[in-house]
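Structure first, commentary second.
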Amino acid sequence: MSVTQTIEPSPPLLRSAVRAVGWCGLGLIAVTVFLSDFLARAPAGAADSTMMLTPPSDAHPFGTDLLGRDMLSETLHGLARTGVHALFGAAVAIVCGGLFGSIAARLPRPLALGLRGVLGVLAAVPALLLMILLTGLTARGYAPLAAGLAVAPLAFIRAFDRVDVNSPHAEYARATGIPATTLLRRDLTHEFRAMMASVAARALAAVTIILSTASFLGFGAEPPARDLGLMIAVAKATYLAAWWTAAFPAGALVLVVLCARLAAGLEEGERP
Amino acid sequence: MRSFLVRQIVSLVVGVLGAVLIAAVISAIGEPRAPGVWPFLVAAGSRLVHFLEGDFGQSAITGTSALHVLGHRLPPTLTLLAEGAALAVAVGLPLGLLFSLGAARRATAPLMQIITATPVFCAGLALAWGAVNLLHWPVSVNMPVGAAVSPDEALQIDALPIVTVGLAGAAAVQLALRRAASQAGGESFRAGLKSLGLGGFEIERVFVVPQVLAGLAASAGEIMLALLSATVVTEWVFHRSGAADLFVKSVALADWNIVAIILFVFAGLTFVAEFIGRIAGRALASEGRP
């Protein structure tokens, strides 16, 4: 069997089905986030010192943490916070990365290549470090914005490199005197209509990973408000003996990223 | 080949200069100056000149030279990075091929998707939990830095960070391999060579494998980024005192000279990996071209 025959892409029908599963998963997560205050058994941060580190039971299906907080309620609140912040960050990444890259590629060549060079330097730094730097320069309240901006250079490069400024239809449009702004508007509308869903899901997966990792390192959510990354960071002290304190927030986080990855149609091994 | 080499060298130099510029801007944040944009630009220009002279300033916390601090903290990070990279290639290449076989791919696809959807810090914590509760190994997750351990325990403690970085790198290697193989699969030379009477195995060995390895080498920058990100998180999770751990603490303590030099080194590593990878990729691709 040959190397290239061995590594064959998935059939288109399977890819569509997998994407549909991803979007359904994201839809269910969105509903859960929307109803999180209603579904949670306790308000965020409600502690009970008589119920410290109790394992999962009927009363507390996800157990309790070191302060006696119900992990099911805390996970739902953390998921809501992570989801809302990641959505905002993904929107920033799409506008400042994808949209800006598509426009920049169509600017006069020297300017376009100059911009690509600058963003290329930023893309050579791990997005996580950029986000930590941006959050350190501002405040933890700006973490979702910082996550979006940190992911933007890679999104910019991808969008920039995807544009073919010498495509036949662009040549034809120029030859027939169609204004550059009309061509740009038409191209952007076409590209975003074709790829918006995939780009949005990819950005959501990337921002969720960056945001939660930064929170884990202490550069995300500000206590007492906690997202999933911060919940896992707090659980680090106890999880070796009380696995449930980290397992459920981590499971929720993996589920969000997994659904976003599937919705984006990412290959196994591909980082968003 | 010469013009390609010149282009790559220019690209490397421009990239590194860009990284120096960004580092100078970051370093200028910590400089005492009057408020406003112009004084900041003047401070950034001054820092840039100092950087080009090899003066990276001093740590705002310890007062020692930033280069000295980096010289102390970078080797453990580079060691972890190199060990992780070796594991990534050793595991990523064979597993990438094995998991791509028709039946094996279908069976392992959901597992692979879950693994690659797992943030590195979750993977590191999960590995540590497994090591403690299943293998009864000591782990450094909740251990103070510099705690006394026996040589055997030290080996076990060192293994987990390497495995964590290696797995993150293996995912990147596997992806690069898959992408390169799918590109090589679309090449038109295969039918032509068959009609010339060459056997399938020979075509694969002499022409296709170099093309696939060339594609893998060309993705070296991407693989380096994955390894660097994983190293940052792993050092934090496993309490390793390296440059990546220092970066996180320096941002928290607003020690901008240290932040600037670490960022510069990391960006430089990515550019160098990209440079070497592209040249190696080009050499391999021309070797495998019929």
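Okay, residues lined up against (1) without any contact (Cβ under 8 Å) to a residue 24 or more places away in the chain; (2) within 10 Å of chain A (Cβ to nearest Cβ):
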residue	(1), (2)
B:Ala117	yes, yes
B:Ala123	no, yes
B:Ala126	yes, yes
B:Gly130	yes, no
B:Trp137	yes, no
B:Ala154	yes, no
B:Ile162	no, no
B:Gln174	no, yes
B:Ala180	no, yes
**Message:** Any residue at all in segment A:142-154 that's touching a Ser or Thr at 6+ places or on another chain (Cβ under 8 Å), free of Cβ contacts under 8 Å to residues at least 40 places away in the same chain and of a type outside the set (A, V, I, L, M, F, W, C)?
**Reply:** yes
**Item:** Residues being of a type outside the set (Val, Ile, Thr) and without any contact (Cβ under 8 Å) to a residue 12 or more places away in the chain - total across segment B:55-74
**Value:** 6
**Asked** Just checking, how many residues over segment B:217-257 are under 16 Å from the mean Cα position of the chain (by Cα), of a type in the set (Gly, Ala, Ser) and over 30 Å from B:Gly281 (Cα atoms)?
**Response** 1
**Request:** Test A:Thr50 against the criterion of being under 26 Å from the mean Cα position of the chain (by Cα) and polar (S, T, N, Q), and give yes or no.
**Result:** no
**Request:** Could you tell me which numbered condition A:Ala241 fails, if it satisfies all but one of (1) more than 30 Å from A:Leu53 (Cβ to Cβ); (2) outside any helix (DSSP H, G or I)?
**Result:** (1)
**Prompt:** Which one of these does B:Glu235 not meet: (1) free of Cβ contacts under 8 Å to residues at least 40 places away in the same chain; (2) within 11 Å of another protein chain (Cβ to nearest Cβ)?
**Reply:** (1)
**Message:** For the structure I just gave you, tell me whether B:Val265 is out of contact with any helix residue (DSSP H, G or I) (no Cβ under 6 Å at 6 or more places or on another chain), more than 30 Å from B:Ala181 (Cβ to Cβ) and part of a helix (DSSP H, G or I).
**Reply:** yes
**Fill in**
Conditions (1) closer than 25 Å to A:Ser198 by Cα; (2) of a type in the set (Val, Ile, Thr); (3) away from chain B (no Cβ under 12 Å) -> A:Ile157 fails only (3)
**Asked** Looking at segment A:241-254, is at least one residue over 30 Å from A:Thr64 (Cβ atoms), of a type in the set (Gly, Ala, Ser) and at pLDDT below 95?
**Response** no
**Request:** Considering only segment B:42-134, give the helices (runs of 4 or more DSSP H) lying wholly within it that have at least 3 residues that are closer than 30 Å to A:Ala246 by Cα and of a type in the set (S, T, N, Q).
**Result:** B:102-116
**Request:** Would you confirm whether any residue within segment A:239-255 is of a type in the set (S, T, N, Q), more than 20 Å from A:Ala91 (Cα to Cα) and either surrounded by fewer than 24 Cβ atoms within 10 Å (Cβ to Cβ) or more than 9 Å from every other protein chain (Cβ to nearest Cβ) (or both)?
**Result:** yes
**Message:** Residues that are without any contact (Cβ under 8 Å) to a residue 12 or more places away in the chain and either surrounded by 15 or more Cβ atoms within 10 Å (Cβ to Cβ) or β-branched (Val, Ile, Thr) (or both), at least 1 per element: which helices (runs of 4 or more DSSP H) completely within segment A:1-113 meet that?
**Reply:** A:3-6, A:12-34
**Message:** So if I check each of B:Leu12, B:Leu17, B:Leu21, which one is over 16 Å from A:Leu122 (Cβ atoms) and either under 20 Å from the mean Cα position of the chain (by Cα) or not in a loop (DSSP other than H, G, I, E, B) (or both)?
**Reply:** B:Leu12
**Request:** Might you let me know whether segment B:210-222 holds any residue that is hydroxyl-bearing (Ser, Thr, Tyr), out of contact with any Phe, Trp or Tyr (no Cβ under 8 Å at 6 or more places or on another chain) and either at the interface with chain A (Cβ under 9 Å from one of its Cβ atoms) or in a helix (DSSP H, G or I) (or both)?
**Result:** no
**Request:** May I ask you to verify whether B:Glu204 is modelled with pLDDT under 80, part of a helix (DSSP H, G or I) and not β-branched (Val, Ile, Thr)?
**Result:** yes
**Message:** Go through (1) out of contact with any helix residue (DSSP H, G or I) (no Cβ under 9 Å at 6 or more places or on another chain); (2) within 12 Å of chain B (Cβ to nearest Cβ) for A:Pro224 and report which single condition fails.
**Reply:** (2)
**Item:** Matching residues, segment A:120-146, being assigned to a helix (DSSP H, G or I) and more than 20 Å from B:Phe264 (Cα to Cα)
**Value:** A:Arg140, A:Gly141, A:Tyr142, A:Ala143, A:Pro144, A:Leu145
**Request:** Return yes or no: is A:Ala200 surrounded by fewer than 24 Cβ atoms within 10 Å (Cβ to Cβ), part of a helix (DSSP H, G or I) and under 11 Å from the mean Cα position of the chain (by Cα)?
**Result:** yes
**Asked** Given the structure, is B:Glu31 touching a helix residue (DSSP H, G or I) at 6+ places or on another chain (Cβ under 9 Å) and away from chain A (no Cβ under 14 Å)?
**Response** yes
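The values are calculated or read from the model by the stated rules, or taken from the named source; none is laboratory data. All values derive from a computational prediction rather than experimental measurement. When we count neighbours, we look across all protein chains shown, and the Cβ atoms used for this are built from the backbone with ideal geometry, even at glycine.
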